[in-house]
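Written below as structure tokens is the structure these notes are about.
Every read-out reported here was derived from the displayed coordinates using simple, explicitly stated rules and does not represent laboratory data. Every value quoted in this text rests on a predicted model; they were computed, and no experiment measured them. All Cβ positions, glycine included, derive from the backbone under ideal geometry; neighbour counts span all protein chains shown.
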Amino acid sequence: MSKLLNIAPGNPGVWWLWLAAALPLFGRTPARAETPVTLAPPHYLGAPSCASSSCHGGGGAHQNQYLVWSRRDFHSQRPVATLATARSRQIAAALAITDPSTDATCTTCHAPLSAVPADRRGPDISVTEGVSCECCHGPAENWLRAHTRKDWTPADRVFAGMRDLQNLYVRANACVACHQTLAVPLLQAGHPELLFELDGQCAAEPRHWVEKPAWNRAQTWYVGQAVALRELSWQLNRETIPDQHLLARWQALVWLLEKLDGVDPALPGVGNLAISPSPGDFQAAQSGADAAARAAAGLTWSADLAPTMLARLAATSGDFTTAPGEVAAHRAERLVLALDRLLLAQTTPVSPVASQTLNDLFQEAQSIPDFNAATFATTLGQFARALK
């Protein structure tokens, strides 16, 4: 069960995120001022429109995307099925929701096609598809027949309304709304807390795409964390009294990304933000994190960036015994994921001691209430020494 997104004018991230969760990209208007054209919003055609054996329902490596999604991907059936569980009904009851399978608070993420108006749905569409093809790639009416043409460039597909998910900034925006942003009442009602980490989530996804030759998992991780900070900042900036648990998560993510400020001249830092922030700090973080995400997505990622980032973050053991308890626990939560993704991005063999010590760090960061900062700091020091 997830949350109902609130659209804030002037928030660039949320506009994209709302599109990712429910609504389409509009067709592009030709740049001829003397003959302005307004295109009708494209229709959603449903997953069956991708399913023929000659398209994405075939057996070949480049024709089986629909089969991978429908048979193996947790986005196909599980999001909708989750709304029928006892836990979902319990959360719904706490929020006075009669039926989580039809309430927009839940279906926005678990069944996003339910938000598409009836006159925008093709005859084969079903709102029970879960998170299906068009939820991520955009409504297919204007690009379905032509997007596989050999003479079409990626720019042609984007022009026709297909979302450019090879762009890591666009990809992160398409995922973060439903994989991180939860309204505080949902959390208080018992919804599991979500932690957005783009590279790990892409690795866990049954692969139905081919990454660009220059794709880099460290770059994917960084872009995702910057977008996560932008959205946490946007959410906290909207609250009259910031939720303290959400604030601790924000402080931990700010700490993580500030440790990487200046790691590359082409990569703007998120800025020096106060540990006890004001609304102005949330706005600054939102703007700075978005700029960092955009720049990182367009950066030619050098081979030494991942090991440099890894070394910086591994050398932070002293920052855990001085931070407030919940903030330190959330720092550890974010840090172990960062170390894992950056370690996997190494081109040199990983020390078995480093791998085992990282496993220990994961175990020590499992529980926020039971987190022991001193023990974690000691193990982190061992990890840093194992890297050397």
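Per-residue Karplus couplings for the stretch 139-148, computed as 6.51 cos²θ - 1.76 cosθ + 1.60 with θ equal to phi - 60°, are listed in order as x, 8, 3, 8, 10, 4, 6, 10, 5, 9 Hz, Gly and Pro entered as x. Could you give the distance between the Cα centres of the stretch 239-291 and the stretch 107-129, to the whole Å? Using only Cα atoms, the two centres lie 35 Å from each other. In terms of overall dimensions, the C-alpha atoms belonging to the stretch 273-388 reach 43, 39, 20 Å along their principal axes, ordered largest to smallest.
Remark: spin-label model distance residue 205-residue 374 equals 4.4 nm, labels positioned 7 Å along the Cα→Cβ axis. For the stretch 113-185, the set of chymotrypsin sites (Phe, Trp or Tyr not before Pro) satisfying both a DSSP loop assignment and a count of at most 15 other C-beta atoms within 10 Å is given as 152. Near residue 170: Cβ cut-off under 11 Å, other residues only, Lys/Arg at +1 and Asp/Glu at -1. The net charge is +2. Close amide H partners of residue 138, meaning residues 5 or more places away or on another chain with modelled amide H under 5 Å apart, are 163. Over the C-alpha atoms of the stretch 98-191, the Rg to Rh ratio, Rh being the Kirkwood estimate, stands at 1.04. Within the chain, 50, 55, 106, 133, 135, 136, 175, 202 have no other Cys Cβ under 4.7 Å of their Cβ and so lack a disulfide-compatible partner by this rule.
Values of log10 I(q)/I(0) for the chain across q = 0.08, 0.11 Å⁻¹ run -0.45, -0.85, by the Debye formula with one identical scatterer at each alpha carbon and no solvent.
Given 10 °C and 1.306 mPa s, compute D for the stretch 160-282 with the Stokes-Einstein relation, Rh being the Kirkwood radius over Cα pairs; round to the nearest whole µm²/s. The Stokes-Einstein estimate is 100 µm²/s.
Tell me, what is the FRET efficiency for residue 302 and residue 124 to the nearest 0.05, using R0 = 51 angstrom and their Cβ-Cβ distance as r? Don't skip to the answer; put the middle values down first.
Numbers: r = 46 Å, r/R0 = 0.91.
So, using R0 = 51 Å, E works out to roughly 0.65.
Grab the other residues whose beta carbon is less than 13 angstrom from that of residue 344, score K and R as +1, D and E as -1, and report the net. Intermediate values should be presented prior to the final figure.
Working: positive: 217, 341; negative: 197, 199, 340.
Taking every other residue near residue 344 into account, the sum is -1.
Tally Lys/Arg at +1 and Asp/Glu at -1 over every other residue whose Cβ is under 12 Å from the Cβ of residue 249; what's the total? Please report the intermediate quantities before stating the final value.
Details: positive: 331, 334; negative: 193, 231, 243, 326, 333.
Its environment carries a net charge of -3.
The ranking of 74, 320, 383 from fewest to most other beta carbons within 10 Å of each one's beta carbon is 74, 320, 383. The alpha-carbon atoms of the stretch 41-84, seen along their principal axes, cover 35, 31, 11 angstrom, with the largest extent given first. Placing a label point 7 Å from the Cα of residue 245 along the Cα-to-Cβ line, the residues of the stretch 72-112 whose backbone N sits under 15 Å from it are 91-92, 94-95.
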